[in-house]
Each structure stands twice: as structure tokens, then as C-alpha cells.
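The values are calculated or read from the model by the stated rules, or taken from the named source; none is laboratory data. From a predicted model like this one, the values you see are computed outputs, not experimental measurements. So basically every Cβ, Gly included, is an ideal-geometry build from the backbone, and we count neighbours across all protein chains shown. Just so you know, the surface numbers come from the protein's heavy atoms only, side chains and all, with ligands and any DNA or RNA stripped out. Shrake-Rupley method; radii C 1.70, N 1.55, O 1.52, S 1.80 Å.
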Amino acid sequence: VHHGSQVVIAYTLRIRIRTALTGELLGRWLGGRGFYRPSQDHALDHPEQRVQEDVYNFGLYLLQLAPTLVGSATSFYLYSNQLWLLSSPLPVPTPSGGQIMIPRGLYVLAIATAIIATVSAHLIGRIYTRLDVVRQRIEAGFRHDLGQAREFAEQIVLGGGQPLEEARARHDYALIRRNWRPYTASAAGLESVRVLITLLVTIIPTALLFPLVLVGKMQVGDLTIAGVALGA
């Protein structure tokens, strides 16, 4: 009952979000002279796709991300105290050969790691997003040209235009392939950052705190708690 109700509520909220946004966008696009303007200044490519697909995805991703953000903020709040208590001063070597002791070093390192990971994912994600928009645009163009060929099939056949239509379709698909290589590279970079941060979160507390376990200043259970807290 719980899971079924959860799905019903989520889907109901998604269609309400889509209805509100679709009504707003349709009014801005089809109202007055706005319908003709995008075709004049090319400010918006394939507005029908933006209204249909982008609004659909917005509601989907919003309901996926919102609980994750709330859960992450809650975990950060709950585990910060444990990580603060378990953090010992962290020695950082200086170019002169000395050391600087950073108080609560593990906590500071966790915050720094989170900031670096967020900035890195954002920078790579911006590239991925731009390439995905390009992919959507050329996919829509490919689909549009194929649809046009089907719609005007009689005229094309009577005029002997099949080779021209085939050449145009092949050119459209060549653009898709050309964009796919950087699109793949950006997706691989984003996944690499995610995996690298996951590994660092596993390694960092063990590398820094295990010497304290060996000398008896920390229990193995505290090491586990520190690892979970740093990950949160």
C-alpha cells in the first residue's frame, strides 16, 4: 500500500508540474505573435520539442533530485557532529620542510573534498549538458526530415527526389555521429569523477586514522563511523 501510494502521489505531482509548465509555455509560444518569432530570429530551436520533452523531463528529474537533496542535507547535519568529534589535528607538510597542524583535519578534509567534487562535476556537467542540447537538436532535425519525406512521399517519388532525400537523411545522421564522440567523452568524465570521489571517501579516513588504531588511540568501530560520516 505504501509503495503503491508513493507511485500514485509521484505521478500525480509530475502531471501537475507538467500541466502548469505546459500551459505557461504554450501561452508564451502560441499567444500573439510569439508563434512566428522563433522562426524569424532562430532564438529557439524546435520549440515543440521543448514544450513536450523538456517539460516532461523537468518534472521527472525534479522529483528524483528533490528527495536526494533533502536526504543529503539531513545526512550532512546528522553526521557532522560524529565526524567533528572523531577528527584529530591533521599535519600538512610545508615547502620549507616543516608542518602545519590543521585542527579537526578530517572534517576540514571532508568539506574540501565535497567542494572539489561538486565544482568538478558541475564544470564537466555543463559541457555534457551543452552537448546533450546539441544532440537533441540534431536528433529532432533528423526526425523532422524523415517525417517530411514520409509526408511528401508522392511528390518525392514523382519528381525522382529519393536520392536527394536519402543524402539529406544521411547528412543528418552524420551530424549525430560527429557529436557523439565529445558527448561520450563528457559522460565518461562525469562518471570518472563520481567513481574517484567514491574511492577517495573510502580511502581517506582509513589512511589518516588507521595509525591511531594501531597505537590504541582509536577503536576499529570509530574508524568505521568516521568512514560513514565522511561519506555523508
**Message:** Over all directions, the average projected area of the alpha-carbon convex hull for region 1-134 comes to how many nm²?
**Reply:** 14.1 nm²
**Item:** Cα-centred dipole magnitude for the chain, charges only on beta-carbon of K, R (+1) and D, E (-1), debye, nearest 20
**Value:** 380 debye
**Over region 57-128: Rg over Rh, Cα atoms, Kirkwood Rh** = 1.15
**Complete:** P(r) of region 112-232 over all Cα-Cα pairs, 10 Å bins starting at 0, rounded to whole percent, reads 12, 24, 18, 15, 12, 9, 6, 3, 1
**Asked** If one puts a single equal scatterer on every Cα of the chain and applies the Debye formula without solvent, what log₁₀ I(q)/I(0) results at q = 0.10, 0.12 Å⁻¹?
**Response** -0.77, -0.94
**Prompt:** Taking all protein chains as present, what is the carbon and sulfur share of the accessible area of region 1-153, in % to the nearest whole number, probe 1.4 Å?
**Reply:** 66 percent
**Complete:** Given backbone amide H placed at 1.01 Å from N, residues whose amide H is under 5 Å from that of R104, ignoring those fewer than 5 places away on the same chain, are L90
**Message:** Given a 10 angstrom Cα cut-off, can you work out which residue in G141, G31, G189 is the most mobile in a GNM of the chain?
**Reply:** G31
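Over the chain, with the other protein chains present, what is the accessible area per residue in square angstrom, probe 1.4 angstrom?
Values: 16320 Å² over 232 residues.
Accessible surface, normalised per residue, equals 70 Å².
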